[in-house]
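One structure is given here, and the rest of the page talks about it.
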Amino acid sequence: MSTVTQDDTTVRSTAAPEPVMTGRGLVKRYGHVTAINGADFDLYPGEVLAIVGDNGAGKSSLIKALTGAVTPDEGTITLDGKEVRFHSPLEARREGIETVYQTLAVAPALDIASNLFLGREQRREGLLGRLRLLDKKKMRTAARDELNSLGIATIQDITQPVETLSGGQRQAVAVARAAMFGSKVVIMDEPTAALGVRETAQVLELIRRISGRGLPVVLISHDMPAVFEVSDRIHVHRLGRRAGVVDPKQVSMSDVVSFITGAEQIPANADITNVAPRSTGHGGAS
Ligand SMILES: Nc1ncnc2c1ncn2[C@@H]1O[C@H](COP(=O)(O)OP(=O)(O)O)[C@@H](O)[C@H]1O
Ligand SMILES: [Mg+2]
């Protein structure tokens, strides 16, 4: 459709991908607090988009608006070019949008396979299924396959209760679950906040693998080294809206910190808000 941006010196190649998901002019007020204040958002196929910003900048609120956890007062959201309006997280999940929160939605007493299929249990075929008997074998096989394909090697026993796993392993289960059922978008809100160095590295590796499959990942994080290691583009969120988008290969961590605090404006020549990522996904990196 639009091959030329407002600035007609920037001609996008006709092969430039259309965004998978967009938000335009989103607003959400809580009484006197405006948590989202005219925010825009663009997510391209297969990219890892980091969202960074100060506490209270409205990052989580933006994600909630995109995933049906809150309904914005104003603005529009599109998925695959069509306007969507989610009234609950379930509606967003049905459209292929999976979210991993910092506070994990896992059931500690259940085993790994049951956690992966939580809310989506597979029934046995035929009469046994109609009697609501679960197909545990099928779920365990699928769970094992998913963990293997994501390279989660540290979990050996799929029948282990999740409460016996380390924090990083639990987070891996939550991420695997999102990767398994998220067909369009995987969103992670501070997934490494409670993790150690090694566990964080594992979650970053999972993010790479998921985007390597062509599934875009949104990563909200305060961890600058992690953001610079794994993201294709960095969306800077400030005062309830997107201040701009920068390329981690073109700006430094201290630049980004200045953009977050507002100590510096994002220079026009560093702002890639209207530029689709050149190559998406991390298929080459492994
Ligand atoms: N349910 C709510 N009720 C009232 N205020 C809220 C609610 N959720 C978020 N806020 C406020 O909106 C602002 C943005 O919060 P949040 O989206 O959590 O920011 P971030 O994730 O960037 O730290 C904050 O001022 C916060 O206190
Ligand atoms: Mg938050």
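Relative to the longest principal axis of the Cα atoms of the chain, helix 167-181 runs at roughly 80 degrees.
Pairs exceeding a 27 Å alpha-carbon distance, out of LYS82/LYS138; LYS28/LYS82; LYS59/LYS249: LYS82/LYS138. Relative to the longest principal axis of the C-alpha atoms of the chain, give the angle of the C-alpha long axis of helix 136-149, reported between 0 and 90° and rounded to the nearest 10°. Tilt of helix 136-149: around 40 degrees. Take the Cβ atoms of GLU163 and ASP73, set R0 to 51 Å, and the FRET efficiency comes out at 0.80.
The order of THR22, THR154, THR200, THR261, going from fewest to most other C-beta atoms within 10 Å of their C-beta, is THR261, THR154, THR22, THR200.
What does the convex hull of the Cα atoms come to per residue for region 198-286, in Å³? All intermediate terms of the calculation are to be shown ahead of the outcome.
Working: hull volume 9.3 nm³, N = 89.
Taking the convex hull of the Cα positions in region 198-286, it is 105 Å³ per residue.
Each DSSP beta bridge with both residues in the chain is either parallel or antiparallel, and the antiparallel ones are about 60%.
Just subtract the alpha-carbon distance of HIS222 and ARG123 from 0.36 nm times their residue separation and send over the number in nm, one decimal. Don't skip to the answer; put the middle values down first.
Values: separation 99, 0.36 × 99 = 35.64 nm, distance 4.05 nm.
Extending this stretch completely gives an extra 31.6 nm.
What the phi angles of region 58-71 give under the Karplus curve with 6.51, -1.76 and 1.60, with θ = phi - 60°, is a coupling list of x, 5, 5, 5, 4, 4, 4, 5, 6, 10, x, 6, 10, 9 Hz, glycine and proline written as x. Pairs of Cα atoms nearer than 8 Å and 6+ residues apart set the relative contact order; for the chain it is 25 percent.
Pick out which of PRO216, PRO191, PRO161 has the largest mean-square fluctuation in a Gaussian network model of the chain, springs linking Cα atoms closer than 10 Å. Fluctuation is largest for PRO161. Distance between the modelled labels on HIS87 and VAL33, one decimal in nanometres: 2.6 nm (7 Å Cα→Cβ projection). Our note on the geometry: Cα centres of region 195-250 and region 34-97, 16 Å apart.
Extension gain for ARG278-ASP145 works out to 44.7 nm (0.36 nm per residue, less the C-alpha to C-alpha distance).
Considering only DSSP beta bridges whose two residues both sit in region 123-261, what percent are antiparallel, to the nearest 5? Spell out each step's value before the answer.
Details: 6 of 10 bridges.
That works out to approximately 60 percent antiparallel.
Among VAL197, VAL185, VAL275, a tally of other beta-carbon atoms within 10 Å of each Cβ gives an order, fewest to most, of VAL197, VAL275, VAL185.
When N counts the residues of region 61-118, how does its alpha-carbon radius of gyration compare numerically with 2.2 N^0.38 Å, as a ratio? Walk me through the intermediate numbers first.
Numbers: Rg = 13.7 Å, N = 58, 2.2 N^0.38 = 10.3 Å.
Working it through for region 61-118, the quotient is 1.33.
Using Cα-Cα distances under 8 Å and only pairs 6 or more residues apart, what relative contact order does region 74-209 have, in percent?
On the way: 160 pairs, mean separation 46.4, N = 136.
About 34 percent, as a whole number.
Comparing LEU118, LEU49, LEU79 in a Gaussian network model of the chain (Cα springs below 10 Å), the most mobile by mean-square fluctuation is LEU118. Size descriptors for the chain (Cα atoms only): Rg and Dmax, in that order, 19.6, 65 Å. Contact order, relative form, for region 200-286: 33 percent (alpha carbon pairs under 8 Å, 6 or more residues apart, mean separation divided by residue count).
A short reminder: the numbers here are calculations on the coordinates, not readings from a lab. It should be emphasised that the depicted structure is a prediction, and the values quoted were computed from it without experimental measurement. Every residue, glycine as well, gets a Cβ built from its backbone with ideal geometry; the counts of neighbours run over all protein chains shown.
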